[in-house]
Amino acid sequence: MHVEPIGGVCLQDRRAGGFSDRKTSSNKIRIASIAQSHIDAFIKSLFDIYRSSEDTPAIQTSSEVASTELAICDAVEIALRRKRNERTPFSRLDTDVVHSIFGMALDLDRIHDLNFPLVCLDDHRRRINRMRQVSTMWNGFLLSSPRYWQVIDIKSPPPTIAAALKRSKSSPLCVYCRRDFIRPAPDQIGLELVWSAPRVQTLRSDEPSAYNLCRLLLRTRAFSLKTLQLIGPPHQQLAIEPLRELSMPSRIRHLAAVGWQPPSGAAWLMDLQELVLDNISQIDAEIFLVLRACGSLERLEIHCSGGSDWEALSRGPSTVTLPCLRAMDLIFQSDESATNLLRRLVTPQLLRGSLDVGVSTLETHRADYCRFMSQGKGCLRYPSSANIRIEDASSDCTRVVYETENRRFAFMVFRRENDGHALHDLVQEFQALLKEPALTVTNDDSSDTAWLFLRSLADQNVRNIDVHLNEGEADRLLAALGAPSDLTDVLVTNTTTDQSFESLKSIAIHDGYLELDRLTELVETRQRQLQSKSKRFVEEVKLVDCYVRGMGSKAASDRLKAIGVTLQDVRSVDPEDLWW
């Protein structure tokens, strides 16, 4: 007999499935009934055995009898839980598989990584405690392997530290101290941790008051130390170089020095692979001598808050070659300091670079910035896309970030009328260097400088524009795109191009007030103008949490659809879902 399917499952299959479910349920009830009767008889037998035991007092009060029976039930429950755990799928997994799963859940492969945030080390320890509470089997598994007990917080109570040291056995240790205002750093380190200093592979601290404690640990035979992160002492005290008192030659490969710097004569610098110099007050000759000694350096990060010591720089090396450097992140408050460093560094193998120069004089240092952004002579592939972010940095500054997949340049400019030209010229040079990658421009700044800059990019290969208006009017955006407006003359006067985003594919407008008929007319007009060149103005317009006036969204969507443009009106929160 043929049975028609309903919802993809035929009635015959459903009936068969239902019969199977009822049969399974009946079997479970029968098994539970049989087991219950045997368990009752078993526990009664245990009670009888206990009462007849020679160790049982002849006379017991009713409360003693009840307490004894509860103890017997608890023992049975523990035994049953153990048996049940032995039959769970977890217990049948291979040990290596379980270690792999637990290792991923606890980030075991990152605990010795200098770039692993300190707060995540706190999370690592909390996750272990939570996992121990899942079941007796999980707890036993975690306690059985030393690999889960390598992370030690200096601020932990001494018994906790002692227990972790015992459980970690001979595993390499990651000792850290995270800055917070609730738990101060201890006055001294426990003897158990001092005795275990030869096992410390990673020592990290962003707590200034723990500086001397870390130095004490370093003096105590830190044979295995490979990763060190240490912030200088508080209250602007003179930072004593913490590695000079090591009793054995250092094997450090990863160093983050905050408020201090290693001596240029240290022999171990030649094997250093990663160096972070944070809170450097100025660029001087000693910095270049340190870098010159780092012949194996693969990653460099420098945060400099001051300028340059010109007299000292004259005594330093004219060039510093870092043949193995792959990644470099430079953050400066002074463009002079940044360019002084860039002009002396030679990095033939640099794959990824990031440069932040603070407020910059673009015309003076444009050649240096272009040299930094260039892909180098050995470049095999230029980036296919790039991003420009325009941000509101302060009341009088606009911040611009130009970024590709392997280069990033960030700077700030004071808001002046002619900044649109300087910004445009710099981007134009970057685009020419990188063979005109497709641009995505994101604007979160409502200043005149930002709109002038956006308008000036009309002759570039801009594919996407994403604007966050922060409950502002969209008039300046429409004028920058070419719509008739009182602002259009101002924008056009301050730009050098008569082209209007001929490569543009999408526009996204967030959280703004918009006259939808003006936007629709702009798209229609530009579409007609570009037809003669066999081009299209845009393919998609997205309005995210915008407040539209004039024409309704439906009417605008129909008009744009007629010329092949999609209009999306997106709401991140449905007003009907708001309880008020």
Q) Which net charge results for the neighbourhood of Ala508, defined as the other residues with beta-carbon distances under 10 angstrom from its beta-carbon, given Lys and Arg at +1 and Asp and Glu at -1? A) -1
Q: Please get the size of the charge dipole for region 94-160, origin at its Cα centre, with Cβ charges of +1 on Lys and Arg and -1 on Asp and Glu, quoted in debye to the nearest 20.
A: 300
Q | Links that overshoot a 19 Å alpha carbon limit, given the list Lys435/Lys535; Lys533/Lys561; Lys505/Lys542; Lys535/Lys561; Lys505/Lys535 | A | Lys435/Lys535; Lys533/Lys561
**Q.** In Hz, Karplus ³J(HN,Hα) per residue of region 103-113 (6.51, -1.76, 1.60; θ = phi - 60°; x = Gly, Pro)
**A.** x, 5, 5, 9, 6, 4, 7, 10, 5, 9, 8
Q: Could you work out how far the C-alpha centroid of region 497-532 sits from that of region 277-354, in angstrom?
A: 45
Q. Which whole-Hz ³J(HN,Hα) couplings does region 331-341 yield from phi under the Karplus relation 6.51 cos²θ - 1.76 cosθ + 1.60, θ = phi - 60°, glycine and proline marked x?
A. 10, 10, 9, 10, 5, 5, 5, 4, 5, 4, 6
Q. How much of the accessible area of region 359-462, probe 1.4 Å, is carbon plus sulfur, in whole percent?
A. 46
Q | Inter-centroid distance (Cα atoms) of region 103-159 relative to region 173-227, Å | A | 17
Q.
Can you give me the accessible area per residue for region 96-164, using a 1.4 Å probe, in Å²?
A. 47
Q. What net charge is computed for the residues neighbouring Asp113, neighbours being all others with C-beta under 13 Å from the C-beta of Asp113, Lys and Arg scored +1, Asp and Glu -1?
A. +2
Q.
Less than 11 Å Cβ to Cβ from Glu391, Lys/Arg counted +1 and Asp/Glu -1: what total charge do the surrounding residues give?
A. -1
Q: Give a residue-ordered list of calculated ³J(HN,Hα) values for region 269-280 (Karplus: 6.51 cos²θ - 1.76 cosθ + 1.60, θ = phi - 60°; whole Hz; x for Gly, Pro).
A: 4, 5, 9, 5, 9, 9, 9, 10, 10, 10, 6, 7
Q. How many percent of the accessible area of region 95-145 is carbon or sulfur, using a 1.4 Å probe?
A. 54
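The values are calculated or read from the model by the stated rules, or taken from the named source; none is laboratory data. No experiment lies behind these values; they were computed from the predicted model shown. Reconstructed Cβ throughout: ideal geometry from the backbone, glycine too, with neighbour counts over all protein chains shown. SASA here: full protein model, heavy atoms, side chains in, ligands and nucleic acids out. Shrake-Rupley method; radii C 1.70, N 1.55, O 1.52, S 1.80 Å.
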